[in-house]
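A.B. asks: Here's a structure for you.
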Amino acid sequence: MNGYFYDVATGLVERRVIAPLRQGLIFPLRREIVDVGAGTGANFRYFHPGTHVVAFEPDPSMARRARSKIAHSGARIELRIADDSGLETLPSESVDAVVMTLVLCTVDDPISTLRRAKRVLKPAGTLILIEHVRSPGTVGRFQDFIAPAWRRIASGCHLDRETVDAVGSVGFDVAGVATKRLPKFFPIQEIIYGRLPLTAKDGA
Ligand SMILES: C[S@@+](CC[C@H](N)C(=O)[O-])C[C@H]1O[C@@H](n2cnc3c(N)ncnc32)[C@H](O)[C@@H]1O
């Protein structure tokens, strides 16, 4: 996707809704952080000075725009052109936080991405999540209906993912996950967000 177009298209919802969530969840993080699917680098300005961030982004146009934002961050950010399989290059239990913002809607296999994240997290590590999800009821059924067309026009984005279930099934504690409704930004209506600790290091 063209990085400039992405930033323009998402600008309004970014400023009004997503930016405050990023600030609240990302700024408190310290030490070693991974940003999976960094896109155009929307998270970069929120990484605390002194943190070390490895950011993975597979799309060169998105990554080009992200690279231009590194200089505005006080964090030491290494941007790698790779999808979530890049997590395999990091040692197990080496990271304090994995950040996934608006990316589990797009990856091919969310469970596999989440397992990769879990492996690199230290036992006290956390997953930072901001994702849009399938809504309940009539809206959800409408999302199911338009999901195939949406995937084509929105670079593989799935409108109908049950991300809380996926995250919980891999071994993250979803008790603290909160929901924000976006009544004006149809067809995406619900954003989930939170700071999720691991429930168990082994297993799922
Ligand atoms: C909707 S954008 C969100 C970008 C950014 N995280 C944000 O919060 O604005 C989703 C990004 O995920 C990237 N992506 C798609 N598949 C991926 C994968 N398997 N692993 C990592 N990133 C992926 C896309 O290239 C795109 O830049």
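The values are calculated or read from the model by the stated rules, or taken from the named source; none is laboratory data. In this text, all values refer to a predicted model and were calculated from it rather than measured experimentally. All Cβ positions, even for glycine, are placed from backbone atoms using ideal geometry, and neighbour counts span all protein chains on display. The accessibility values were calculated without ligands, DNA or RNA, using every heavy atom of the protein model including side chains. Shrake-Rupley method; radii C 1.70, N 1.55, O 1.52, S 1.80 Å.
A.B. asks: I'd like the Karplus ³J(HN,Hα) series for segment 68-73: coefficients 6.51, -1.76, 1.60, θ = phi - 60°, whole numbers in Hz, and an x wherever there's a Gly or Pro.
C.D. replies: 5, 8, 4, 5, 8, 9
A.B. asks: Long-range amide H contacts for residue 77: which residues qualify at under 5 Å (H placed 1.01 Å from N, peptide plane, sequence gap of 5 or more or a different chain)?
C.D. replies: Excluding prolines and chain starts, which carry no amide H, the hits are 53.
A.B. asks: By accessible area of protein heavy atoms, probe 1.4 Å, what ranking do 14, 88 get, highest first?
C.D. replies: From most accessible down to least: 88, 14.
A.B. asks: Pick from 35, 109, 160 the residue whose mean-square fluctuation is largest in a GNM of the chain, springs joining Cα atoms under 10 Å.
C.D. replies: 109
A.B. asks: Report the charge-dipole magnitude of the chain in Debye, nearest 20, computed about the Cα centre from +1 at each Lys and Arg Cβ and -1 at each Asp and Glu Cβ.
C.D. replies: Values: 27 positive and 22 negative charges, 132 e Å.
Roughly 640 debye, rounded to the nearest 20.
A.B. asks: Leaving out ligands and nucleic acids, note down the accessible area per residue over the chain with a 1.4 angstrom probe, in whole Å². Working shown, then result.
C.D. replies: Numbers: 9700 Å² over 204 residues.
Each residue of the chain exposes 48 Å² on average to a 1.4 Å probe.
A.B. asks: How much of the accessible area of the chain, in percent, comes from carbon and sulfur atoms when a 1.4 Å probe is used?
C.D. replies: 56
A.B. asks: Where does each of 5, 145, 47 land when they are ordered by accessible area, with a 1.4 Å probe and the largest first? Please report the intermediate quantities before stating the final value.
C.D. replies: On the way: 5 130, 145 160, 47 5 Å².
The residues order as 145, 5, 47, largest area first.
A.B. asks: Further, regarding this structure: So what's the back-of-envelope 222 nm ellipticity for the chain, counting only DSSP H runs of four-plus at -39500 (n - 2.57) apiece and dividing by all residues, rounded to 500? Write down the numbers at each step before the final one.
C.D. replies: Details: 6 runs with 61 residues, N = 204.
It comes out at -9000 deg cm²/dmol, rounded to the nearest 500.
A.B. asks: Quick one: 3J(HN,Hα) in Hz for segment 36-43, Karplus 6.51/-1.76/1.60 with θ = phi - 60°, rounded, Gly and Pro as x.
C.D. replies: Going residue by residue, I get 9, x, 5, x, 8, x, 4, 7 Hz, with x marking Gly and Pro.
A.B. asks: Follow-up question, since we're still on this one. What is the extension gain from residue 1 to residue 151, computed as 0.36 nm multiplied by their sequence separation minus the C-alpha to C-alpha distance, in nm to one decimal?
C.D. replies: Working: separation 150, 0.36 × 150 = 54.00 nm, distance 1.26 nm.
Result: 52.7 nm gained on full extension.
A.B. asks: I'd like the FRET efficiency for residue 80 and residue 199, computed as 1/(1 + (r/R0)^6) with the beta carbon distance as r and R0 of 30 Å, rounded to 0.05. Before the final figure, lay out each step's value.
C.D. replies: On the way: r = 29 Å, r/R0 = 0.96.
The value I calculate is 0.55.
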